[in-house]
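Here the structure is laid out as structure tokens; the discussion comes afterwards.
Just so you know, all these numbers are worked out from the coordinates, no wet-lab data involved. Here the structure is a predicted model, which is why all the values come from computation and not from measurement. Cβ sites come from the backbone with ideal geometry, for glycine too, and all protein chains shown count toward neighbours.
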Amino acid sequence: MPGMSTYLQTKNPVVVAAFHTALLHQLLLIGFILVLLSIAWNALRTVQYRRLTGDQAGRAAPIGVPLPPEPVARRALRIGFGLFWILDGLLQLQSAMPLGLPTSALEPSANSSPAWVQDVVHFGVTLWTRHPVQAATSAVWLQLGIGAVLLVAPRGRWSRFAGLAATGWGLIVWVFGEAFGGIFGHGSSWLFGAPGAVLLYCLAGALVALPESAWGPRLGKRILQATGVFFVAMAILQSWPGRGFWQGSRGGTLATMIRQMAQTSQPHELSSIIRAFGRFEAANAWEVNLSVVLLLAAIGLAFCTTRPRAVRGAMFVAVALCVADWILVQDLGFLGGVGTDPNSMLPMVLIFVSAYLALTGVEAPVRVPSLVPAAATQAGVGSDTIDPGAERPWWDRVASGYLTRVLATISALVVVLVGAVPMASASVNPNADPILAVAVDGTPNTVDVPAPSFDLVNQEGRPVTLGDLRGRTVALTFLDPVCTSDCPLIAQEFRNADSLLNADSSRVVFVAVVANEIYRSTAFTKAFDRQEGLDHMRNWLFLTGSLSALKAVWEHYGIAVQIGPAGAMAAHSDLAYLIDARGHTREVLSTEPGNGSASSSSFSVYLAAALDRVVHT
Amino acid sequence: MRAPRAVVVLAGGALVATTALSGCSTPSPGAIPGPVPLFTVKVPLSATFATSTGVVAVVAMGTLSDPLNTFWQLFVRPDATSRWTLVTPPGVADNGGLVASPNEGASVLAGFEPSQALDFSPLALSRAEGASWSPGLVPGALAAVPDAVAVSSDGGFLALVRADGGEVLRSAGRPTVWSKLVNRSTLASSPAGSSCGVGPLTAVALDATRGALMGTTCRSPGVVGIFQAAGGSWSRVGPRLSGLAASAPTQVLRLVDLNGTVGALVATGDRSSPSLIGMASTADGTWARSAPLSLATGGHIVSTGVESGGGFVVLASRPNGSMLLHLETGPGGGWKSLPAPPRGTATVAVEPGGVVAALAVATTRFTDWRLDVPTGTWSKVGSITVPIQSGSSS
């Protein structure tokens, strides 16, 4: 009813249930594929065993050429960021993600950014808002999958692919989810996470994607120099006057941020610590900022020297500073229901520690190489060992450990695909998920009773009765032709539903009956049709009649119509009746448009599906 | 080959000097000033209209900071009852604004400005000073000016809609069927229009004998854009201003027909400090004009009112928010400053006998104050609580 719009709450039970159900279904799909892969693994091992027991003499011993071990720096980065991606995927499981992420995280991240950044973020928000369940589940599996591939594929093409995938998905999240890390916004600061945690994920992904031969002291130097320059730049930004960081209790930027973070839903002990630091900062803002500026600058300069001793000392200070900022300012980053990552400090620590390890050339302990046939290497399933003397097919000679790793990598890739495919499908689907309409309006009331008859006139003044429409499915609703809010939206939903019906459109007639005691002549129904572009819709009727005839129809269909005083819009029930070809009401739907275009578009899909059911029963 | 630096400096200086001097030159005597840039003065929809049978007032009420909870109200004060009554026409959300036009026969035509998804304007016509209403519509969005509709005593209607910088529609009989009378571009290309340098159309009025009248903005300095339909074409009946106003563009802010007398409130000057001139047509076809009323620099008009003799009352605010009230002392007279009206005054009306009433609003409360001229004090006459339904437009 106009004036009583229903709004979707972040934890709407319908959407949350759909989210959990979709996750469960996708988990089952992943499980099914894992079972198939396990069967394949077992079959291969059985073939190998039979060959081994049946033809001992003919089995050529595999000859392996050991490769050098994976550089420790790369391994640290790969495993560390693999775990971060897994953590982020698990955070995406929070119930508030489908509906809460756009309003609580995506849009606020762009609030202080220029209009063009807001436009870019709006694109992502629209996509997510229209397909909240698909988007949220996709984010879960994509991130879990990327993390899993990073962890289980230590070497070779798939490992490097995981790095590229992490960079690609990370860039998408950085642009649409973090509004470019807020670097174009006011108040951007290293303390708050600039240039965005996910950009660090992208950087780490790009480093993992490098050939292993690139990992050495030279790469370590380059990373440390870049990190050093970044720290110095952040020190300059932090010291810049007029940005509120030198200011304390009255509107100080840092104090305000800490105050906001302390209000996040979190354990009491943690919020107490943050509040205490907030009070300290408010009272000593100048000294705190000076300390931060000096520390950032000193760390940056030490990193730039790339002298191991200086870097080691600076690294310990930097770790301490990052951890302190992570707890006291960033509030661990992931609390509050829609936190999607632990923010920037831990990833940053991981990057400069890895760079230090690369610089100092710490080597991994030499391990016994696994044996991989050349054919397998050429197929791209691994490259840490080769078997130049293979004469038998690769599946006959592949080592058990290697086979396990390949299957684990394929499994992780399946997880990535389970996330990527629905996300790609959602991004090209202009119609919103019908679950939104169910969340706003509830499920339809299914009945099978004769629909009340009516005898009214169409836009041209010609008589129309329900009997005249027998043989076609009727979608009947009630609209106020001079309504300023809901009715135009509902009319557009009907129009969109018609376009979604395709060939079945000719079997459906969309009918609205005037729901306004005063503005009810055909002049108004015609004006409404022109306004909404319905005057060219073949199967659209906007019916009206005498006040007594209209009142009778309203009463028979349970529609309350009220004329309010003092400039109020005429209020009426938002309902639609789906009447089958026999003239029986089959479904009764609420047509409350909800909040925003996503739920409206969602209702069109929902209505089209309901009409499809009625047409084909 | 490079020019010596001194030559370059001298040439540059000469160019700058020439440019500066040309900007300061004085036109030769007798030169006809060409069109000057258009200026527009915002005229709020809050307005009053007095006829020989009563006064009609349009004011915004509710939560004025929230457009969806701002509801426009229509009040009438029939001379017979001497009391203000709420008569807002029902059935349409009026958050976009309300315009009204009364006539001498107790008819009131009210028009709803479009808002949210509504892009045409419903109308409501009362033949009994708002006691009952019958519906109508304009197939377009009414212009957001106080005189966007007009009703004549012989049952004709005019509507000014926003399309194409302004388009005038005419209806005879039922206000649901309209025909196009003229639009801005047609008028601008006519001889009458070109003499004015027609800008946006700003007001319409309708008289049973004179026919359709229209007010516009004029780019041509000193020309007042009042046009009258005559035999299928339009002629400019607005005068040419003299004095300081002769060199400035003009804008017709209000245009009303009062029993054969046409009243117009015209702005001239520049946007930051416009002057207002009240005009009234006389029997010999000329115009009686008031002295210019200068508005405070940076101030703005809050409301305008028409008194039954064709004079105007203007409520304006200074940049600091304080209110100024000016009453035109009859057609062709001067402007008289009145005591500042009570807090919350939204519009001002001139009631029979020249009594000035301030109509104040506070969310849902409408209060009628009356000015005692000898003492310069305002006394409260009565108040009405308007049953506004917040949230009823969404």
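Here are the numbers:
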| read-out | value |
| --- | --- |
| Normalised alpha carbon radius of gyration of chain B [divisor 2.2 N^0.38 Å] | 1.07 |
| Lys/Arg +1, Asp/Glu -1 at C-beta; chain A dipole; positive extreme among A:S548, A:P114, A:A302 | A:A302 |
| Cα pair distances of the range A:216-367 binned at 5 Å [whole percent] | 2, 10, 16, 18, 17, 15, 11, 7, 4, 1, 0, 0 |
| Ratio of the Cα radius of gyration of the range B:165-250 to 2.2 N^0.38 Å, where N counts its residues | 1.11 |
| Dipole of the protein assembly as shown, positive direction: furthest Cα of A:A408, A:A420, B:C196, with charges on the beta-carbon | A:A408 |
| Helix-derived mean residue ellipticity, 222 nm - over chain B, DSSP H n ≥ 4, -39500 (n - 2.57), to 500 | -2500 deg cm²/dmol |
| Among B:A148, B:A188, B:A349: highest mean-square fluctuation, GNM of chain B, C-alpha pairs under 10 Å | B:A188 |
| Spatially near lysine pairs across the protein assembly as shown, Cα under 28 Å, sequence gap of 8 or more or different chains | 5 |
| Cα gyration tensor shape for the range A:435-615, rounded if a/c is under 1.5, else prolate or oblate | rounded |
| Chain B: most fluctuating residue of B:P67, B:P175, B:P44 per GNM, C-alpha cutoff 10 Å | B:P67 |
| Residue-count net charge about A:T340 - beta-carbon cut-off 11 Å; Lys, Arg +1, Asp, Glu -1 | -3 |
| Net charge over other residues, Cβ less than 13 angstrom from the Cβ of A:P434 (K, R count +1; D, E count -1) | -2 |
| Radius of gyration, Dmax [the range B:259-394; alpha carbons; angstrom] | 16.3, 53 |
| The range B:276-320 shape via C-alpha gyration tensor axes, a/c threshold 1.5 | oblate |
| Under 5 Å, built H, 5+ apart or other chain: amide partners of B:L324 | B:A316, B:S317, B:R318 |
| Sequence of A:F303, A:F180 once ranked by neighbouring C-beta atoms within 10 Å, starting from the fewest | A:F180, A:F303 |
| Whole-Å semi-axes of the ellipsoid equivalent to the range B:62-170 (Cα gyration tensor, √5λ, descending) | 22, 19, 11 |
| Calculated from backbone phi, Karplus (6.51, -1.76, 1.60) coupling profile of the range A:158-170 in Hz, x at Gly/Pro | 5, 5, 5, 4, 4, x, 5, 4, 4, 5, x, 5, x |
| Angle in degrees between helix B:5-24 and the longest Cα principal axis of chain B, rounded to the nearest 10 | 40 degrees |
| Contact order relative to length of the range A:216-367, as percent, for alpha carbon pairs under 8 angstrom and 6 or more apart | 35 percent |
| Net charge dipole size for the protein assembly as shown [Lys, Arg +1 and Asp, Glu -1 on Cβ; Debye, nearest 20] | 2900 debye |
| Order of A:F81, A:F230, B:F49, A:F184 under a 10 Å beta carbon neighbour criterion, fewest first | A:F184, A:F230, B:F49, A:F81 |
| Computed [θ] at 222 nm, deg cm²/dmol, chain A (DSSP H ≥ 4; -39,500 (n - 2.57); rounded to nearest 500) | -18500 deg cm²/dmol |
| Chain A, relative contact order in percent, only Cα pairs under 8 angstrom and at least six apart counted | 19 percent |
| Likely footprinting exposure, B:E167, B:E328, fewest C-beta neighbours within 10 Å first | B:E167, B:E328 |
| Cβ-based charge dipole, the protein assembly as shown, positive-most Cα from A:V614, B:A248, B:L142 | B:A248 |
| Rg in Å to one decimal, and Dmax rounded to a whole Å, for the protein assembly as shown via C-alpha atoms | 38.2, 130 |
| Approximate shape of the range A:431-475 as ellipsoid semi-axes (Cα gyration tensor, √5λ), whole Å, largest first | 30, 16, 10 |
| Distant alpha-carbon pairs in the range A:421-496 (separation over 14 angstrom), percent | 78 percent |
| Projected-area average for the range A:523-572 over all orientations - Cα convex hull basis, square nanometres | 4.6 nm² |
| Paramagnetic label zone (point 7 Å from Cα along Cα-to-C-beta, A:A206; backbone N under 16 Å) in the range A:228-264 | A:228-231 |
| Computed label-point distance, nm, for sites A:I563 and A:H536 using a 7 Å Cα→Cβ extension | 3.6 nm |
| Relative contact order, percent, chain B [alpha-carbon distance under 8 Å, six or more residues apart] | 12 percent |
